Amino acid sequence: MSDDWNVLAALEGLAAGFNAHDIDAIMSFFAEHCSLDLPRGPEPHGSRYVGRDAVRRGILTRFENTPDVHYGEIENFACGNAGMSKWLLTGTTPDGEKVRVRGCDFYTFEDGKVVRNDSYWKIIA
């Protein structure tokens, strides 16, 4: 199976894990030496989490900030060890605010595992 097919399968598994809110399933796709950049944060790259434990904490913030988060209208792309997933995130914040935003995640894989995940989304103003 080509790298493209392996990356596409991983992206589908990641989306399924996120939509099931299954942190263990999500983390099964990440390498020990992984990193995650979330869109919001104090730096131009947002908030950066490095290492599996930190990445796990970073991902859990998504479920804390939008407990019913769902990724729909997913389009996945792969080229070699790189993958991109475009999506429409919907959900509700703990304060009852409805969220509906388009975004994408860029992934880099090594040996079939995510080593870098960089997440972006549109700013609604």
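Computed from the coordinates by the stated procedures, all read-outs in this text should not be read as laboratory data. Fair warning: this is a prediction, and the values are worked out from it, not measured in the lab. Glycine gets a Cβ as well: all are built from the backbone with ideal geometry, and neighbour counts include every protein chain shown.
Would you pick out the residues in segment 72-96 that are of a type in the set (Ser, Thr, Tyr) and touching an Asp or Glu at 6+ places or on another chain (Cβ under 7 Å)?
Ser85, Thr92
Just give me the residues in segment 105-125 being free of Cβ contacts under 8 Å to residues at least 40 places away in the same chain and surrounded by fewer than 16 Cβ atoms within 10 Å (Cβ to Cβ), in sequence order.
Scanning segment 105-125 gives Phe106, Lys122, Ile123, Ile124, Ala125.
Name every residue in segment 36-55 that is farther than 18 Å from Gly103 by Cβ and touching a strand residue (DSSP E or B) at 6+ places or on another chain (Cβ under 8 Å), in order of residue number.
Val50, Gly51, Arg52, Ala54
Got a sec? Which of Asp3, Asp95, Asp24 is more than 23 Å from Ala125 (Cα to Cα) and without any contact (Cβ under 8 Å) to a residue 12 or more places away in the chain?
Numbers: Asp3 fails: without any contact (Cβ under 8 Å) to a residue 12 or more places away in the chain; Asp95 fails: more than 23 Å from Ala125 (Cα to Cα).
Step by step, each of Asp3, Asp95, Asp24 is checked, and only Asp24 is more than 23 Å from Ala125 (Cα to Cα) and without any contact (Cβ under 8 Å) to a residue 12 or more places away in the chain.
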